[in-house]
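Input: a single structure, listed below in structure tokens.
The values are calculated or read from the model by the stated rules, or taken from the named source; none is laboratory data. These figures come from a predicted structure and were not determined experimentally. The accessibility values were calculated without ligands, DNA or RNA, using every heavy atom of the protein model including side chains. Shrake-Rupley method; radii C 1.70, N 1.55, O 1.52, S 1.80 Å.
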Amino acid sequence: MTPACIDDFRLLAKARLPLFLFDYIDGGSYSESTMRSNVEDLQRLKLRQKVMTDVSHIDLSTTLLGRPASLPVALAPVGLAGMYARRGEVQAARAAEAAGVPFILSASACCGMEEVAAGVTQPFAFQLYMIRDREFMKDMLARAKAIGVETLVLTVDLIVHSARYRDVRSSLTGKQGLGARIKRFAQIATHPHWALDVGLFGGPHTLGNFAPVMPEGAGLDQFTAWVARNFDPSITWKDMDWIRQHWDGPIVIKGVMDPADAVAACDVGASAIVVSNHGGRQLDGAPSSIAALPGVVEAVAGRADVLMDGGIRSGVDVLRALGLGAKGVLLGRAWAYALGAKGGAGVAQMLELLRHEMAVAMALTGQTDVKKLSPDMLLP
């Protein structure tokens, strides 16, 4: 199948990846109601069709995360992406750079930050969780600075790990005995193309950024247990003082859904806020990101850039989010599906599809500049 949209990349990824990896990308927490709402609430927003407007020149460019962007999108931090394609984070970072959009490397990446930096020519942003071991965090921030990272993206909604039923059923998480390993091996054996590309030639299959502090190993078997022991649920806004002692660049706060939290993020000096419910992978029953967006935009009142992630499946969705006040969006599953389907070439193709879809939607709504979109482009 030649993919014509993001949903097609999803189907291709499902066919190519072992079940435990596809479900890790595709699934949400508990009943997955918030994950579904992210998509459904976006698609309920109707665009106002406008005609007889000069749309011969459409400008899709903007500035995101402190750098020029050819589209108002960035690739969100996605954990374990190096398991979807051979050295997947490097492939995705290269595709983002070629397309002129920002890339945010997950702390939970398979490829360590130094490996990704060696594969591109422009700085990328780095995503971080609060870890109990502050000395390790200090070292990680120093490593990021040394390779030229300019912007830190602090994810604040993974203080505890939510239950994701699909991951338990596929044996990615839960008890990791012989039975779980046999189940995963059987899934791998029925996906020979992935087994050759990633399983055989795509190693090491470890978490490159965390490996120095995982003495028992940094593979899949150890990751969830290590997260439970080391992610810090005691984090408060006061901990931003500690981060500021060791990081002098811009800080983006990702995982904000409440207007009061958005104001607090501005008060501690966040340069940008990402309205996000972690793709419906944490608090099931929370509102969709697009539903929370207008309240956060109003509360921030221009003090920081407001970005959004969750549910973006087309260029039309990007316009919907910008119409409600987002300066840009982060793509998570969209690029993970594309990477799992066709590697870095898939990510590049997905971004070009989005570019075309956005340009068409801009023309048919009488818009010429993504930096000037307003709620007027949406029907009440």
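Descriptive notes on the structure:
- Listed by chain and number, the lysines whose alpha-carbon sits under 21 Å from that of Lys138, ignoring those within fewer than 8 places in the same chain, are Lys238, Lys254.
- Computed over the chain: relative contact order in percent, which uses C-alpha pairs under 8 Å that are six or more apart: 30 percent
- Relative contact order [Cα under 8 Å, 6+ residues apart], segment 253-380, whole percent: 21 percent
- The H on the amide N of Gly366, modeled in the peptide plane, is under 5 Å from the matching H of Lys50, each at least 5 residues off or on a different chain.
- Segment 320-366 and segment 140-203 have Cα centres lying 24 Å from one another.
- Among (i) 31, 25, 20; (ii) 39, 25, 18; (iii) 48, 23, 17, the entry that matches semi-axes √(5λ) of the Cα gyration tensor in Å as calculated here: (i)
- For Val274, residues with placed amide H under 5 Å, excluding near neighbours: Ile253, Lys254, Gly255, Val256, Leu307
- Three-way shape call for segment 91-158 based on the alpha-carbon gyration tensor, with the a/c threshold at 1.5: prolate
- Helix 220-230 axis versus longest C-alpha principal axis of the chain: approximately 70°, rounded to the nearest ten.
- Computed from Cα positions, the angle between helix 33-44 and the longest principal axis of the chain comes to roughly 20 degrees.
- Anisotropy class of segment 1-153 from Cα gyration tensor, a/c 1.5 cut: oblate
- Dividing the summed helix terms, -39500 (n - 2.57) for each DSSP H run of n ≥ 4, by the number of residues in the chain produces a 222 nm estimate of -13000 deg cm²/dmol to the nearest 500.
- Tensor-based shape of segment 226-380 (alpha-carbon gyration tensor, a/c under 1.5 rounded, otherwise prolate or oblate): oblate
- Rounded to the nearest 10 degrees, the angle from helix 289-300 to the longest Cα principal axis of the chain is 70 degrees.
- Among beta bridges from DSSP that stay inside the chain, the antiparallel ones total about 15%.
- Accessible surface, 1.4 Å probe, highest first, among residues Thr151, Thr368: Thr368, Thr151
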